[in-house]
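The values are calculated or read from the model by the stated rules, or taken from the named source; none is laboratory data. Model, not experiment: these values are computed from the prediction. Counting neighbours? That spans all protein chains shown, and the Cβs are built from the backbone with ideal geometry, glycine included.
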Amino acid sequence: MKIVSGAAAFAETRAAGAGGAPLSVAIGNFDGVHHGHQVLLREARRRATEGGGSSAVLTFTPHPARLFAPDRAPPLIMSLERRLELCAEAGIEIAVVEPFSRAFAAIEADAFVRDVLRRDLDARDVVVGYDFSFGRGRAGDTRRLAALGAELGFGVGVIPQVAIGDLPCSSTKIRELVSEGHTALAATLLGRPFEVEGRVVRGAARGRQLGFPTANVVPEGELTPKVGIYAARARQLDGPAADATHAVALSVGRNPTFAGQPGHDGGVTIEAHLLDFDGDLYDRRLRLEVGARLRDERRFDSVASLIAQIQADVAQVRGLSS
């Protein structure tokens, strides 16, 4: 997938003679690339294929809320890099990543359509969700977009709300479910397990001392599941064993059994015990696909009791992964 930083830069490549097929553009933040987003992407691809053009996404960084209300901005489900990777896997050919600034946010609604979509992107089709708004003060809506599209000569596709059962497929709902520990339900809306990606760092080595060594992962994303114990699957993203996968007993928590001991600061850590694995993962990147939540984290009266519970957790994960 070709990635371009901003619509103006995309226009420059065309002006320089790079040419290119007409674009069918899906617009959104695409945080999570969930089932609802996937419908938008499929529609953009369909229009591009039928019209002999290219499929594209127009997305934004940072999230608009980061600019105007950073203290209320939602934690992102995944990094921009992962969003783009999933869009590429969905068959999108071009990603225009628009730097979202105050100047960009100040563009009037009609000017956004005329200057960004029509002039810079030369869009032949634009695909948006039912609640899409645009322009200064979010003054533009899907009806205004459709009217301007008819005037300027491009098609507009508006995708109605997508739901699975009584759950709306939205980034907001997924964040809520993950934060409450309902990771299995979140996976239903995502179309894949909720993921935590990050690099493995050295920890206090308590897991190894207990007989259950763990990979301590520093998450690159902003959203983490509710504190507790989960079944998961780890994929190595780099190193000689890249793409190798292992079942995981995953702890998201504060290790309350060791509160007050040296090296314990009470912060939330993400620790993955990879089943049937014996190797060095330090400084490697892992993607943890978080499955079912097994139980709450709790404080144990003795190390022996903790070990017995970990053994039961591992057995449960093994059963779920078999």
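A few remarks follow.
- Residue match in region 70-77 (condition: buried (at least 22 other Cβ atoms within 10 Å of the Cβ), more than 19 Å from the chain's Cα centre (by Cα), closer than 29 Å to Ile164 by Cβ and not small (Gly, Ala, Ser)): no
- Here Glu50 does not fit the description of being closer than 14 Å to Ser24 by Cα and crowded, with 19+ Cβ neighbours inside 10 Å.
Per-residue answers, yes or no, for (1) surrounded by fewer than 20 Cβ atoms within 10 Å (Cβ to Cβ); (2) of a type in the set (Val, Ile, Thr):
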{"residue": "Pro64", "(1), (2)": "yes, no"}
{"residue": "Leu86", "(1), (2)": "no, no"}
{"residue": "Glu89", "(1), (2)": "yes, no"}
{"residue": "Ile94", "(1), (2)": "no, yes"}
{"residue": "Phe100", "(1), (2)": "yes, no"}
{"residue": "Asp115", "(1), (2)": "yes, no"}
{"residue": "Arg118", "(1), (2)": "yes, no"}
{"residue": "Phe154", "(1), (2)": "no, no"}
{"residue": "Gly165", "(1), (2)": "yes, no"}
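- Picking from residues in region 8-39 that are among the β-branched types (Val, Ile, Thr) and under 23 Å from the mean Cα position of the chain (by Cα), the one that is surrounded by the fewest Cβ atoms within 10 Å (Cβ to Cβ) is Val39.
- Of all residues in region 44-75, those satisfying the criterion of being assigned to a helix (DSSP H, G or I), closer than 28 Å to Thr183 by Cα and not hydrophobic (A, V, I, L, M, F, W, C) are Pro64, Arg66, Pro70, Asp71, Arg72.
- Residue within region 219-229 that is in the same structural domain as Arg299 (by TED's automatic domain parsing), in a strand (DSSP E or B) and in contact with a Lys or Arg (Cβ under 7 Å, 6 or more places away or on another chain) present: yes
- Top-ranked residue of region 229-252 - restricted to ones that are in contact (Cβ under 8 Å) with a residue 60 or more places away in the chain and more than 21 Å from the chain's Cα centre (by Cα), ranked as farthest from Ala312 (Cα to Cα): Ala247
- Yes/no for Leu145 being in the same structural domain as Ala21 (by TED's automatic domain parsing) and either out of contact with any Cys (no Cβ under 7 Å at 6 or more places or on another chain) or of a type in the set (A, V, I, L, M) (or both): yes
- Residue within region 66-77 that is free of Cβ contacts under 8 Å to residues at least 60 places away in the same chain, among the β-branched types (Val, Ile, Thr) and over 13 Å from Cys87 (Cβ atoms) present: no
- Subset of region 169-181 (residues that are touching a residue at least 24 places away in the same chain (Cβ under 8 Å), surrounded by fewer than 19 Cβ atoms within 10 Å (Cβ to Cβ) and not small (Gly, Ala, Ser)): Thr172, Glu180
- Residue selected from region 186-242 under the condition basic (Lys, Arg) and modelled with pLDDT under 95, by the criterion surrounded by the most Cβ atoms within 10 Å (Cβ to Cβ): Arg206
Quick grid of which residues meet (1) in contact with a strand residue (DSSP E or B) (Cβ under 9 Å, 6 or more places away or on another chain); (2) at pLDDT below 95; (3) polar (S, T, N, Q); (4) within 20 Å of Glu108 (Cα to Cα):
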position	(1), (2), (3), (4)
Phe134	yes, no, no, yes
Leu145	yes, no, no, yes
Leu148	yes, no, no, yes
Glu151	no, no, no, yes
Val156	yes, no, no, yes
Pro160	yes, no, no, no
